1. Report yes if Ser56 is over 14 Å from the mean Cα position of the chain (by Cα), surrounded by 12 or more Cβ atoms within 10 Å (Cβ to Cβ) and among the small types (Gly, Ala, Ser), otherwise no.
2. From the residues in the stretch 115-142 that are within 12 Å of Ala35 (Cβ to Cβ) and in contact with a helix residue (DSSP H, G or I) (Cβ under 8 Å, 6 or more places away or on another chain), which one is modelled with the highest pLDDT?
3. Is it fair to say Thr50 is of a type outside the set (D, E, K, R) and loosely packed, with under 13 Cβ neighbours inside 10 Å?
4. Filtering the stretch 100-130 down to residues that are surrounded by 13 or more Cβ atoms within 10 Å (Cβ to Cβ) and free of Cβ contacts under 8 Å to residues at least 40 places away in the same chain, which residue is farthest from Lys29 (Cα to Cα)?
5. Could you grab the pairs with beta carbons closer than 9 Å, sequence gap of 6+ or different chains, first residue in the stretch 24-35 and over 10 Å from Thr126 (Cβ atoms) and in contact (Cβ under 8 Å) with a residue 60 or more places away in the chain, second one of a type outside the set (A, V, I, L, M) and surrounded by fewer than 21 Cβ atoms within 10 Å (Cβ to Cβ)?
Amino acid sequence: MYRKLILIMLGMSLAILITGCESTIKPEKAAEDFASSIVFDNETGILSFTIPKGLSAAYSFNILVAGRIKMDDIGMSFHLFEEENDNNSWEQGKTYSHEFVKDSLLECIISFGVQEDSNSKLLTDTEIEIWIDENGNIHYGYE
């Protein structure tokens with residue numbers, strides 16, 4: 001009788017472990033993973049980055065991508081992925097990309113942060129600013 005009870009309890013414990021084990025990462029790790037995923041190919045003009053996987057549902061991403069491009073011999077501002085950021089519809093694990101006209105990028109600034117959904121406050125240890133210069137070089141600044 002006790003043996004059967006122990007087997008049932010072990011089975012239930014295993015089921016809880018299997019279904020309850022979500023891979024979660026800390027917000028600081030999400031910031032590091034995001035920064036290391038940014039790629040700009042100066043030859044093709046393609047900017048891409050991947051949204052980290054495993055961040056708890058208690059948090060959301062705040063990602064702003066803006067800068068200036070050459071247009072008719074002047075600099076014109078741009079803002080990318082505004083809808084995703086405004087609607088908080090970033091998909092974890094998805095790679096986002098944008099293709100610029102070849103040699104048109106003057107500068108691009110990517111601001112990244114993780115915020116707690118309960119108070120919409122950015123966690124200061126997750127705020128990162130990345131900028132890409134007109135030569136396609138990526139520079140990292142941690143606030």
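1. Values: over 14 Å from the mean Cα position of the chain (by Cα): no; surrounded by 12 or more Cβ atoms within 10 Å (Cβ to Cβ): yes; among the small types (Gly, Ala, Ser): yes.
Against the criterion (over 14 Å from the mean Cα position of the chain (by Cα), surrounded by 12 or more Cβ atoms within 10 Å (Cβ to Cβ) and among the small types (Gly, Ala, Ser)), Ser56 does not qualify.
2. Top of the filtered list is Ile130.
3. Details: of a type outside the set (D, E, K, R): yes; loosely packed, with under 13 Cβ neighbours inside 10 Å: no.
Answer is no for this residue.
4. Out of the qualifying residues, it is Leu106.
5. Ala35/Tyr140; Ala35/Tyr142
The values are calculated or read from the model by the stated rules, or taken from the named source; none is laboratory data. A quick note: this is a predicted structure, and the numbers were derived from the prediction, not measured. Glycine also receives a Cβ, built like all others from the backbone with ideal geometry; neighbour counts cover every protein chain displayed.
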